[in-house]
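This report refers to the structure that appears directly beneath it.
The values are calculated or read from the model by the stated rules, or taken from the named source; none is laboratory data. All values derive from a computational prediction rather than experimental measurement. Backbone-built Cβ (ideal geometry, glycine too); neighbour counts: all protein chains shown. Protein only, heavy atoms only, side chains kept; ligands, DNA and RNA dropped before computing areas. Shrake-Rupley method; radii C 1.70, N 1.55, O 1.52, S 1.80 Å.
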Amino acid sequence: MRFTTNSIGRKILMAVSGLFMVLFVIVHLLGNSSIFAGPDGINAYAEKLHGLGPFVWASRLFMLAMLGIHVLFGILVTLDNWSAKPDRYKVKKMLKASFASETMIWTGALLLAFIVYHLLQFTFRVTPDVVLGNDAKGRFDVFSMVAASFRFTPIVLIYVAAMVTLFLHLSHGIQSLFQSIGWNNDKTLPTYTRLGKVLAVVFLLGYSAIPVLLLSGILTK
Amino acid sequence: MSAQTAEHGTMTLKLIVWRQAGPGKQGRFETYTAKNITPHHSFLEMLDVVNEELILEGKEPIAFDHDCREGICGMCSQVVNGVPHGGQERTTVCQLHMRKFKDGDTIYIEPWRARAFPILKDLVVDRGALDKLIQEGGYISARTGGVPDANATPISKADADYSMDAAECIGCGACVAACPNGAAMLFTGAKVAQLASLPQGQVEAPVRVADMIQAMQECGFGNCSNHYECQAACPKGIDVKFIARLNREFLKALFKSKAGSHVFAGE
């Protein structure tokens, strides 16, 4: 039995790839928060980031690999779990499982769809709402591009909904990864659970603030 | 919860019970009325009363597993109103008493449901898969002979307590029944942790964890999603920290040269 077909091995792959994606979500939020400093903040940040060249591409490929592993084994494990419980109970009362823990595969699928949309919009810049241009200092104007797209209420709603989905996924996922790696016991579990929920709330509020503040006109040039 | 008893201090209940003639047969829910049930009846005694009546009527009694009826053997196995063992904390269904129910209640009774536990008849399932897991690694290979001297092998109080907590498992399978994935992680984790925390069990620890995980999958158990339903349903309150220990023991085994290749290659 190989690591990739082993029940625990697969969960460890899910946990490690999930951990790197959580770290990415933290770094991405810190980077994005430069938008609160106005066009100068985020445009300078974007220029500096793209100036890193091969490092950016290495990171992108690495994150793509992590996403691929997480999605692949998420689907494989879930399909196996469904077939391990062929007959459902007529009455089933959950004692500990939450809405978040029971919907991981679905929140995961929604997040995958969101990642594809988000990349098409602001990385490949091919969606119809995207406005391209340079700022006064000749840098690519990330602020104006983002602000232009977030003038549309439906786009803002998609983003906020995606962040609620991320909140659900991570409010179970973060504590779950510590358990799957085996880095857990009865004393640490409540701490990881709290940590996971706090981080999930921070991501929800932090990420949602950008489109909401731009749409409402509170955040302007 | 206080028992409201009707005339003569007895209650009447509506039971909706899974009936299945045999393995692989089509099952269905049947409705029965349980009469003359006192608050002092245990849940299984309540079923005895119903069965006696069914026998007098010339009908097939409801088959269910039971043995010690004092909460230690792990034979009784019924999902009562959607919870294995009926939902009273740290209580097997044989120790669940009818004082927890009210006159006129409707009670759903189902067997453990999981791919690894095929139904044999009515509420009786085949839990041989748990025996298979034990055969694959839930033991130590010790020399037989005279009884060793007390404290010949020093074990700290903390390790002894930890190991005993894991050893409290009675092997009833409620963890598998409660798990949305039909996984046996809590059962296996408890056994792996119990033996890995003692010097006698450490020799075979890496091989044990590899073999038991493989056996879990061969028996058709699912994977862990960390819902922790198992711990909540366990009549002995086995902690999910033992599942974390199982995962940790698996990782440790990977780094042992011989056992590591065993983990990777299987046989």
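Some notes on this structure:
- Net charge over other residues, Cβ less than 15 angstrom from the Cβ of residue B:24 (K, R count +1; D, E count -1): +3
- At least 50 Å² of accessible area lost relative to the chain alone, listed for the range A:1-46 with a 1.4 Å probe: A:1, A:3, A:7, A:8
- Amide H contacts of residue B:115: A:85, each under 5 Å away and 5 or more positions distant or on a separate chain (H built 1.01 Å from N in the peptide plane; Pro and chain starts excluded).
- Sequence-distant lysines (8 or more away, or on other chains) whose Cα lies within less than 20 Å of residue B:100: A:92, A:93, B:14, B:35, B:236
- Net charge in the neighbourhood of residue B:139 (other residues with Cβ under 12 Å of its Cβ; Lys, Arg +1, Asp, Glu -1) is -2.
- Build a GNM of chain A with springs between Cα atoms under 10 Å apart, and of A:117, A:89, A:207 the one that fluctuates most is A:89.
- Of the accessible area of the range B:148-230, computed with a 1.4 Å probe over protein heavy atoms only, carbon and sulfur atoms account for 55 percent.
- Solvent exposure of the range A:90-132 amounts to 62 Å² per residue of accessible area, where only protein heavy atoms count and the probe is 1.4 Å.
- Charge sum, other residues only, whose C-beta stays under 13 Å from residue B:228's C-beta, Lys/Arg counted +1 and Asp/Glu -1: -2
- The charge dipole of the range B:7-120, taken about its Cα centre with unit charges on the Cβ atoms of Lys, Arg (+1), Asp and Glu (-1) only, comes to about 460 debye.
- Phi-derived couplings, Karplus 6.51 cos²θ - 1.76 cosθ + 1.60 at θ = phi - 60°, listed residue by residue for the range B:205-221: 3, x, 5, 4, 5, 5, 5, 5, 5, 4, 5, 4, 6, 5, 7, x, 6 Hz, with x used for Gly and Pro.
- In the range B:105-135, comparing the full protein assembly with the chain on its own, the residues that lose 20 Å² or more of accessible surface at a 1.4 Å probe are B:108, B:110, B:113, B:115.
- Between the amide H of residue B:108 and those of B:16, B:81, distances stay under 5 Å, these residues lying 5 or more places away or on another chain, with hydrogens modeled in the peptide plane.
- If you run the Gaussian network model on chain A, springs between alpha carbon atoms under 10 Å, then out of A:59, A:176, A:83 the most flexible one is A:83.
- For the range A:125-137, 3J(HN,Hα) computed residue by residue from phi via the Karplus equation (6.51, -1.76, 1.60; θ = phi - 60°) reads 6, 10, 6, x, 7, 6, 10, 9, x, 10, 8, 4, 8 Hz, glycine and proline entered as x.
- Net length gained if the chain between residue A:5 and residue A:72 were fully extended (0.36 nm per residue, minus Cα distance): 22.9 nm
- In the range B:5-122, the portion of solvent-accessible area held by carbon and sulfur atoms comes to 47 percent [1.4 Å probe, whole percent, DNA, RNA and ligands not counted].
- Where labels lie 7 Å past Cα in the beta-carbon direction, separation of residue A:130 and residue B:45 in nm: 7.4
- For residue A:110, solvent-accessible area (1.4 Å; no DNA, RNA or ligand), Å²: 100
- Over the protein assembly as shown, DSSP H runs of length four or greater, each weighted -39,500 (n - 2.57), average out per residue to a 222 nm ellipticity of -16500 deg cm²/dmol.
- Degrees between helix A:39-50 axis and first principal axis of chain A (Cα, 0 to 90, nearest 10): 60
- Close amide H partners of residue B:38, meaning residues 5 or more places away or on another chain with modelled amide H under 5 Å apart, are B:11.
- 29 Å Cα-Cα reach of residue A:137 towards lysines, excluding residues that sit fewer than 8 places from it in its own chain: A:48, A:221
- Whether the range B:7-120 is rounded, prolate or oblate, judged on the alpha carbon gyration tensor where a/c under 1.5 counts as rounded: oblate
- Overall form of chain A per C-alpha gyration tensor (a/c, 1.5; a/b vs b/c): prolate
- Prolate is the label for chain B, because the ratio a/c of its alpha-carbon gyration tensor axes (a ≥ b ≥ c) is 1.5 or higher and a/b is greater than b/c.
- Largest to smallest in accessible area, the residues A:78, A:220 fall in the order A:220, A:78 (1.4 Å probe, all protein chains included).
- Selection among A:95, A:216, A:196 by position relative to the dipole of the range A:87-220 gives A:95 as farthest towards the positive end (Cβ unit charges, Cα centre).
- Area buried, chain A against chain B - accessible surface, total, 1.4 angstrom probe, square angstrom: 4000
- Euclidean distance between Cα centres, the range A:166-194 to the range B:127-165, Å: 30
- Heavy-atom accessible surface of the range B:7-120, averaged per residue, reaches 47 Å², computed with a 1.4 Å probe.
- Per residue accessible area in Å² of the range B:128-216, where ligands, DNA and RNA are left out and the probe is 1.4 Å: 45
- Euclidean distance between Cα centres, the range A:52-110 to the range B:193-231, Å: 23
- Cβ-based charge dipole, the protein assembly as shown, positive-most Cα from B:84, A:43, A:147: A:43
- Residues of the range B:197-241 that lose at least 50 Å² of accessible area (1.4 Å probe, protein heavy atoms only) when the other protein chains are present, relative to their chain alone, are B:217, B:223, B:226, B:227, B:228, B:229, B:241.
- About the Cα centre, charge dipole magnitude for the protein assembly as shown (Lys/Arg +1, Asp/Glu -1 at Cβ), debye: 1300
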